[in-house]
1. Tell me, what is the percent relative contact order of segment 146-219, built from C-alpha pairs under 8 Å that lie six or more residues apart?
2. Using a 1.4 Å probe and counting only protein heavy atoms, arrange Thr291, Thr323 so the residue with the most accessible area comes first.
3. So what's the net charge close to Ala23: Lys and Arg +1, Asp and Glu -1, counting the other residues with Cβ under 12 Å from its Cβ?
4. Using a 1.4 Å probe and counting only protein heavy atoms, arrange Phe180, Phe263 so the residue with the most accessible area comes first.
5. When all protein chains stay in place, what accessible area (Å², nearest 10, 1.4 Å probe) is found for Lys222?
6. When the chain is fully extended, how far beyond the present Cα-Cα distance does Arg359 get from Arg205, taking 0.36 nm per residue of separation?
7. Rounded to a whole number, what % of the accessible area of segment 109-173 do carbon and sulfur atoms account for, probe 1.4 Å?
8. Note the full-extension length gain between Ile139 and Arg325 as 0.36 nm times their separation in residues minus their Cα-Cα distance, in nm to one decimal.
Amino acid sequence: MARDYYGTLGVRQDATSEEIKRAYRKLARELHPDVNPDEAAQTRFREVTAAYEVLSDPQKRKIVDLGGDPLGAMGGGGGGGRDPFGGFGLGDIMDAFFGAAGAGGGGRGPRSRVQPGSDALLRIQMTLEECATGVTREIAVETAILCDLCRGSGCAAGSVPVTCDTCGGRGEVQSVQRSFLGQVVTARACHTCRGLGEVIPDPCRQCQGEGRVRARRTIAAKIPPGVADGMRVRLSGQGEVGPGGGPAGDLYVEVEELPHATFERAGADLHCTLRVPMTTAALGAVLPLETLDGPVDLELEPGTQPDTELVMSGRGLPRLRSTGRVDGRGDLHVHVEVEIPTRLDARQTELLRELAAVRGEEEHTLAGANGRAGGLFSRLRSRHTR
Ligand SMILES: [Zn+2]
Ligand SMILES: [Zn+2]
């Protein structure tokens with residue numbers, strides 16, 4: 001009995017190749033052994049992968065549509081064949097994670113020697129100032145690069161791969177048996193060529209036929225202004241070169257933002273605390289404030305009260321949108337703290353007493369006792385009467 005490949009992927013028989021691809025990707029994410037290690041999920045993952053392998057190949061799909069089973073009636077669905085991810089652009093980090101797992105196992109039909117390379121992730125530390133302006137950082141990475149001796153072919157100069165004698169280039173070895181049910185075909189990957197259908201008789205000395213070599217290289221990573229802790233910047237094509245000199249994956253650079261001595265960040269806004277003596281708060285002043293743009297004059301009005309918050313518009317960080325565009329800047333919030341002097345000497349005490357006398361200030365006022373909002377006593381009283 002032929003297996004129900006359409007049912008396994010949960011698509012209709014007239015599904016487009018795009019729909020099949022989408023259904024497979026969705027299931028693969030849920031069932032991938034790295035995500036879902038339990039045995040039932042792994043069995044299902046193998047079935048789903050086998051179904052995708054069949055239905056994404058027009059010839060195999062035709063066999064299914066004619067009521068046959070291209071994997072043979074006996075064959076288990078085990079082992080992913082050709083890299084099922086090969087046809088997709090590696091878009092996000094989830095794909096990166098699949099990219100490495102895709103090229104596994106012995107398979108059916110010659111699989112390509114050339115496979116896409118894996119993505120890579122690395123972290124860099126940035127100061128708040130660097131997050132504000134953006135930086136171009138030289139990063140040394142240990143990665144796989146194209147073998148420059150054979151340019152990825154894996155062959156020594158003047159030699160070429162030759163068709164595998166064992167499998168005749170099919171990458172698999174088939175055995176046909178006749179039974180009362182009809183013809184039964186079983187296939188396994190060719191051991192001589194590891195399923196590639198061809199062998200390299202004279203491998204490149206530098207890469208031993210891999211088409212790539214490990215090397216340390218320096219990449220100039222351009223980080224845009226406005227990035228924040230945990231954000232990832234994708235450097236397309238800067239990941240590892242694939243087996244057989246396949247196209248390189250992407251490099252993701254994750255930002256680790258270092259704490260700042262003065263400013264605390266909230267999105268694109270910045271907050272800082274400014275301590276001023278009581279006399280400065282009373283008299284007012286123009287104070288130089290070190291901002292991300294250098295020193296800026298901050299005007300403190302005479303009679304500034306404790307816990308006043310002054311907002312310096314546009315003195316925060318660039319507002320980085322998900323599109324990668326910068327849309328204006330955040331604000332700088334200055335929280336004013338007023339310091340009351342302690343340890344007054346005789347002269348200072350005398351001056352303050354004189355000030356109090358001149359201003360006609362009593363020793364204390366019961367603020368809010370007459371019902372004005374915010375007074376301690378009115379709050380206490382209303383709590384009692386409730
Ligand atoms: Zn080489
Ligand atoms: Zn072979």
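The values are calculated or read from the model by the stated rules, or taken from the named source; none is laboratory data. Quantities reported herein were computed from a predicted structural model and do not represent experimental measurements. Here the Cβ is made from the backbone with ideal geometry for all residues, glycine too, and neighbour counts use every protein chain on show. Accessible surface is based on the protein model in full, side chains and every heavy atom, while ligands, DNA and RNA are left aside. Shrake-Rupley method; radii C 1.70, N 1.55, O 1.52, S 1.80 Å.
1. Reported relative contact order: 43 percent.
2. Ranked from most to least accessible, the order is Thr323, Thr291.
3. Counting the neighbours of Ala23, the net charge comes to +3.
4. So the residues, ranked largest to smallest area, are Phe180, Phe263.
5. That residue has around 150 Å² of solvent-accessible surface.
6. Length gained, Arg359 through Arg205: 46.1 nm.
7. Carbon and sulfur atoms account for 52 percent of the accessible area of segment 109-173.
8. Computed gain between Ile139 and Arg325 is 64.6 nm.
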